[in-house]
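Step one of this worksheet: look at the structure below.
The values are calculated or read from the model by the stated rules, or taken from the named source; none is laboratory data. The structure presented is a predicted model; accordingly, all values stated were derived computationally and were not measured. All Cβ positions, even for glycine, are placed from backbone atoms using ideal geometry, and neighbour counts span all protein chains on display.
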Amino acid sequence: MMSTNAKKIFLLLTIVVPFLAYCVFYYMPIIKNAPFRSDEFVSFQFKWGAGNDLVNSYDSATGDYQYLNSKDSLIKTNVKLRQNDIIYIHNKASEIGFWNFPDVIANAGTDLNKSKVLRYVMQFNYKRKTKKVIFVTDYSDIAKLRDVAKQMKTLLEQSINDAEERYTKKK
């Protein structure tokens, strides 16, 4: 009769080890060839405005940031995000499922060329791919999609605003 330890070892060697080996064998190519890998992340652009007037914009590669203030004056400045901010944004985008968003989040029948509704354009650039999403704020078809798109937009706005606040404190 086998001892309890021998049974555990036998079970481990016949079930757990082959299962782990299968997982590594199956998922390794998927992870290696993932289209939006953090080590290939280059930059992101974020633009917003009413209709096709996307006057407000931020480019993480250059740090160029322009926006209309409360007095409708165009403010141009340079704000660089820290590397850990960029990594956080990429990881949060992965968590939210940004890569699975449709390219345009707008109500059916919305003509983007004629609509004057506030919209956001979020573009993530990688060495081999780019993911661009246009989010129109009056979107109401799928509430969960609208909410995660708003969450992504808020994350980008907050990160840029925090970085700008750090820059203005230094001066």
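Considering V136, V121, the condition of being out of contact with any Ser or Thr (no Cβ under 8 Å at 6 or more places or on another chain) and either farther than 16 Å from F44 by Cα or touching a residue at least 60 places away in the same chain (Cβ under 8 Å) (or both) is satisfied by V121 alone.
In the range 46-62, the residues that are under 18 Å from N161 (Cα atoms) and assigned by TED's automatic domain parsing to the domain that holds H90 reach residues that are assigned to a loop (DSSP other than H, G, I, E, B) and modelled with pLDDT of 90 or more with C-beta atoms within less than 7 angstrom, at least six apart or across chains, in these pairs: G49/V55; S60/L81. Summed over the range 98-117, the residues that are assigned to a loop (DSSP other than H, G, I, E, B) and within 24 Å of A61 (Cβ to Cβ) give a count of 2. Taken over the range 58-79, the criterion of being closer than 22 Å to N91 by Cα and surrounded by 13 or more Cβ atoms within 10 Å (Cβ to Cβ) is satisfied by Y58, D59, S60, G63, V79. Residues of the range 139-149 that are touching a residue at least 12 places away in the same chain (Cβ under 8 Å) and either acidic (D, E) or within 26 Å of N84 (Cβ to Cβ) (or both): D141, V148, A149. Across the range 1-49, the qualifying residues are those that are in contact with a strand residue (DSSP E or B) (Cβ under 7 Å, 6 or more places away or on another chain) and of a type in the set (S, T, N, Q), and the one among them that is modelled with the lowest pLDDT is S43. Applying the criterion of being part of a strand (DSSP E or B) and among the basic types (K, R) to the residues of the range 118-143, the residue that is surrounded by the fewest Cβ atoms within 10 Å (Cβ to Cβ) is K132.
If the condition is being in contact with a helix residue (DSSP H, G or I) (Cβ under 7 Å, 6 or more places away or on another chain) and of a type in the set (V, I, T), then the range 85-131 contributes I87, I89, I96, I105.
Matching residues to (1) at pLDDT 90 or above; (2) closer than 22 Å to L54 by Cβ; (3) within 14 Å of the chain's Cα centre (by Cα):
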position: V79; (1), (2), (3): yes, yes, no
position: Q83; (1), (2), (3): no, no, no
position: S94; (1), (2), (3): no, no, yes
position: D103; (1), (2), (3): yes, yes, yes
position: K114; (1), (2), (3): no, yes, no
position: R119; (1), (2), (3): yes, yes, no
position: V136; (1), (2), (3): yes, yes, no
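Per this entry, I75 is counted among residues that are among the hydrophobic types (A, V, I, L, M, F, W, C) and without any contact (Cβ under 8 Å) to a residue 40 or more places away in the chain.
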